[in-house]
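The values are calculated or read from the model by the stated rules, or taken from the named source; none is laboratory data. Predicted model, so just to flag it, every value in this text is computed and none were measured. FYI the Cβ positions are ideal-geometry reconstructions off the backbone, even for glycines, and counts take in every protein chain you see. With ligands, DNA and RNA removed, areas are computed over all heavy atoms of the protein, side chains included. Shrake-Rupley method; radii C 1.70, N 1.55, O 1.52, S 1.80 Å.
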Amino acid sequence: MSTPAPDSRVPEKPTIDGLEDRWAQVWADQGTYRFDRTKTREQIYSIDTPPPTVSGSLHVGHVFSYTHTDCIARYQRMRGLEVFYPMGWDDNGLPTERRVQNYFGVRCDPSLPYDASYEPPATPDEKRQVPISRRNFVELCERLTIEDEKVFEQLWRRLGLSVDWSQSYQTIDERARRASQRAFLRNLARGEAYQSEAPTLWDVTFRTAVAQAELEDRERQGTYYRLGFPAADGTRVHIDTTRPELLAACVALVAHPDDERYQPLFGTTVRTPLFDVEVPVVAHHLADPEKGTGIAMICTFGDTTDVTWWRELALPTRPIIGWDGRILPETPEWLVSETGRETYAAIAGATSFTAKERMVEALTAAGYVEGDPRPTVQQVKFYEKGDKPLEIVTTRQWYIRNGGRDADLRARLVERGAEISWHPPYMQARYTSWVEGLNGDWLVSRQRFFGVSVPVWYRLDEHALPVYDEPIVPREDELPVDPSSDVPTGYDASQRGVAGGFMGDPDVMDTWATSSLSPQIAGLWETDADLWERLWPFDLRPQAHEIIRTWLFSSVVRAHLEDDVLPWKHAAISGWILDPDRKKMGKSKGNALTPVDLLDEHGADALRYWAASGRPGTDTAFDVGQMKIGRRLAIKLLNASKFVLGFDADLPDDLAVVTDPLDRAMLASLATVVDEATAAYDDYNYARALELTESFFWSFCDDHVELVKDRAYGARGPEAADSAKAALALALSVQLRLFAPVLPFVTEEVWGWWREGSVHRAPWPSTHELAGATGDAAIVTDVAGVLSGIRKAKSEAKVSMRVAVASAVVSGGAAEIARVREAAGDLAAAGRVGELSFLEADGPLAVVVTLAPESG
RNA sequence: GGGCGUAUAGCUCAGUUGGUUAGAGCACCUCCCUUACAAGGAGGUGGCCGGGGGUUCGAGUCCCUCUGCGCCCACCA
């Protein structure tokens, strides 16, 4: 495989500037990363790439985690696997909805018909948004996000992601909607999707139901009020509450069954203050004797515990909060007393905040508040994207079974988690604790306008009321459908909304109901069976740990229900980027340091170097210092390569030309690096592989190259020179390939100087290619140690490294001395030692240097 | 409250089944304009490896415990 001697392709002054645009273009033109779908499943490595949210902006955290995946992809490709590495764009969901509204000055109204010739206003008026149909809204979304996606794609190319850009999708595009609806209909047909009218966590700002996975607890200032409930015997039962505004919704008081203080009250009733409604005192084990007074009021519904009590104790439902978060305007029928109805009238229509103030005032005035209000800090549930506390309201929703209400399924899904190869392994604990803690099925319907529609209609009875029990479903070949504009088979458009006609389900599906199918979407499930069989199940799901409970889990649920398999074998979980002060990097700071700025300043390889230095799963500090080191490494790689290739060195046809013990020692050491780096990559540990490679490279430059320079120039004859040159070329070839996954640009540049094709399609190095030329690795270590001693002597004498030394005496054990002798010629030349002698002695290897008397 | 992770030089981090005097880069100090590289190179200063206890011939590494930090989970009125 001898190639012509290296030549003018090596530039005079190598530079990393401009490498990115140049090679990104070459890779695009030559289809370097194009997926070859003729390969079979065993020959393929398929990646379920996370679709970034295009309505947001890319920040340095994206660069971090996508680089990790790309390193793995490049490694697997060099191992000879055909890598399926697609890119999806997440343009589904609330963020896009808001962005489209503001950008075009429109809002979605699903009741409107589609207008094929619609054009948005030239100058958007944010205050007076124009209502348009859902289909028009989706079209505007696609129009807007196409621009966002171009920006993203360009950045990804510049960062060097080896994505096959012909394999891309959007989570709102037709193919994603079809997959999403198809999967839902399959769930429905198998009884895994069902409707239920039940108390639901509700965001009053967005006016939509929210799933358990979208919750987050936030600290809030609250106030305890102690209220006295009159009992039949004239005494009062005191409860502590932070939500006195819900008093009208009170259905019972509850205490722990073992609580002796309240045992006499169980089975009796008390009356609510002001509203004067008779409520029972009940017992339940969830009541905490330590909390407050040990007895609590149950309202429908103040929190999720209320829901549990309500359900398990079969209590009545007395809702007073509406979808808008305000107290319902009509006075409820269970309030019969004059005072009760008057009190209610005072809060009807008020926000819960105002209602609370008024209730406290009224209760205090009437003497029902005991003692002083006490401030407290409480954990309150919020929708993760919302800024008002969630309420609980009763609504009809769609659910998909995920084990939340079925112990067997839950256990099965926990097992599924154990079948995944987690990188790092401890991330499995997050999955397990989430699944084991589920307390309800997956709520998939959302009362939003933009998204993938729930693909069903309902027959309307003679009173024009929907018959929810018998949804009308489309055929799979009709998908995707929008029930708000499409008409089910057997009906015509005029029957929409009239008695005996039909209505479309108004809801859309949760964004995870689509994202959970990302492999199915990317792999053209049920669309291209040939491709699907070559990809499924996928090999790798890379993602962040914060969405294990959402994206990862919902994907596992979907694949389990549909195909009874895991969607992928491996899950590689990346950490977060932290500010230098170790807080999760905030939006403000993230925006100040955009990936484009960082690319401009440091270069893609440098940015990738920083990213790849972060161990898998570990939160990593944003560190400009690491980027500078990466940049320096890239430049060093260019210069060292130029120097090595300047010897007219080329890969040897026969490794027997590598005769020098030092050369063979260096290659032996490199063989160890190859083995260990390969093992690290097989374990998804790109950081370890990089560290090993880098560490070898620096000693290769500092010691080996310096030692063999003279010999390579021919100072000790052609045979000795050939050995040095062949070993240098071989070592360079191996090191370029070891670095290629992390530093794709600079390695490709150097590869282009002397090899054919792309380094990224070159075979991953193996010890096999070094096997014929390896020796005793300890020689390198020992000789480098002596050279370092000689340098130290010069450094301490404050003279230049080129200054000659008269003599140097190397002392040490017999074995060490023997090893150093093997490279005596190179050592004397590199150290400019006049007379090099050896002395066997006890103790560690050492060198005594005598500088030339007239030196200086 | 339960769980996971983490704690090593001033800073950011390695340290792979326990094995000689604990490593790298940055920063700092000294020196060198050396023919691959001065946006470089050579050398150096700097560490009770969070505290305590244990196992072992031997512990940064294994076990127990405590503490700090980060995160995940949980039915707290």
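The table that follows gives values for the structure above.
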{"quantity": "Within the accessible area of chain A (1.4 Å probe), percent carbon and sulfur", "calculated": "49"}
{"quantity": "Summed side-chain charge close to residue A:392 - residues other than residue A:392 whose Cβ falls under 15 Å, Lys, Arg +1, Asp, Glu -1", "calculated": "0"}
{"quantity": "Two-decimal ratio, the range A:139-229, of alpha-carbon radius of gyration to 2.2 N^0.38 Å", "calculated": "1.78"}
{"quantity": "Highest to lowest packing among A:60-72, A:221-233, scored as the average C-beta count within 10 Å", "calculated": "A:60-72, A:221-233"}
{"quantity": "By average C-beta atoms within 10 angstrom, highest first, the peptides A:30-43, A:631-644, A:721-734", "calculated": "A:721-734, A:631-644, A:30-43"}
{"quantity": "Among beta bridges that DSSP assigns inside chain A, antiparallel share in %, nearest 5", "calculated": "65"}
{"quantity": "Which of A:389, A:365, A:413, positive extreme of dipole for the range A:355-414 (C-beta unit charges)", "calculated": "A:413"}
{"quantity": "Charge dipole magnitude, Cβ of K and R +1, D and E -1 - chain A, Cα centre, debye nearest 20", "calculated": "1220"}
{"quantity": "Extreme residue, positive dipole direction of the range A:207-351, given options A:295, A:337, A:235 (C-beta unit charges)", "calculated": "A:337"}
{"quantity": "Chain A: C-alpha gyration tensor shape, a/c 1.5 cut-off, then a/b vs b/c", "calculated": "prolate"}
{"quantity": "Probe 1.4 Å, accessible area per residue of the range A:772-856, Å²", "calculated": "51"}
{"quantity": "Placed amide H near residue A:444: partners under 5 Å, 5+ positions off or other chain", "calculated": "A:398, A:399, A:400"}
{"quantity": "Accessible area expressed per residue, the range A:249-375, with surrounding protein chains retained (probe 1.4 Å, Å²)", "calculated": "50"}
{"quantity": "Selection of trypsin sites (Lys or Arg not before Pro), the range A:406-505, meeting DSSP coil and at most 14 other Cβ within 10 Å", "calculated": "A:475"}
{"quantity": "Compactness of the range A:744-856, expressed as Rg and Dmax over alpha-carbon positions, Å", "calculated": "19.2, 56"}
{"quantity": "Charge dipole (chain A, unit charges on Cβ, about Cα centre) - positive-most of A:548, A:284, A:481", "calculated": "A:548"}
{"quantity": "Centroid-to-centroid separation of the range A:339-360 and the range A:794-832 [C-alpha atoms, Å]", "calculated": "92"}
{"quantity": "Cα-based shape type of the range A:337-490, given that a ≥ b ≥ c are square roots of the gyration tensor eigenvalues and the cut on a/c is 1.5", "calculated": "oblate"}
{"quantity": "Solvent-accessible surface ranking, highest first, for A:736, A:58 at 1.4 angstrom", "calculated": "A:58, A:736"}
{"quantity": "Gap separating the Cα centres of the range A:443-485 and the range A:613-640, nearest whole Å", "calculated": "52"}
{"quantity": "Global geometry of the range A:259-382, whether rounded, prolate or oblate, following the gyration tensor of its Cα atoms and the 1.5 cut on a/c", "calculated": "rounded"}
{"quantity": "Chain A - mean residue ellipticity at 222 nm from DSSP helices (-39,500 (n - 2.57) per run, n ≥ 4, rounded to 500)", "calculated": "-12000 deg cm²/dmol"}
{"quantity": "Qualifying trypsin sites (Lys or Arg not before Pro) for the range A:329-390 [loop in DSSP, other Cβ within 10 Å: at most 15]", "calculated": "A:385"}
{"quantity": "Cα-centred dipole magnitude for the range A:716-791, charges only on beta-carbon of K, R (+1) and D, E (-1), debye, nearest 20", "calculated": "120"}
{"quantity": "Percent RCO, i.e. relative contact order, over chain A, from Cα pairs under 8 Å lying at least 6 residues apart", "calculated": "15"}
{"quantity": "The range A:70-136-the range A:252-308 distance, computed between alpha-carbon centres (Å)", "calculated": "49"}
{"quantity": "Total formal charge among the other residues, if their Cβ is under 10 angstrom from that of residue A:540, Lys/Arg +1 and Asp/Glu -1", "calculated": "0"}
{"quantity": "Check: the range A:205-279 dipole with +1 on Lys, Arg Cβ and -1 on Asp, Glu Cβ, in debye", "calculated": "280"}
{"quantity": "Across A:709/A:792; A:725/A:794; A:13/A:636; A:13/A:642; A:642/A:725, pairs whose alpha-carbon gap is larger than 18 Å", "calculated": "A:709/A:792; A:725/A:794"}
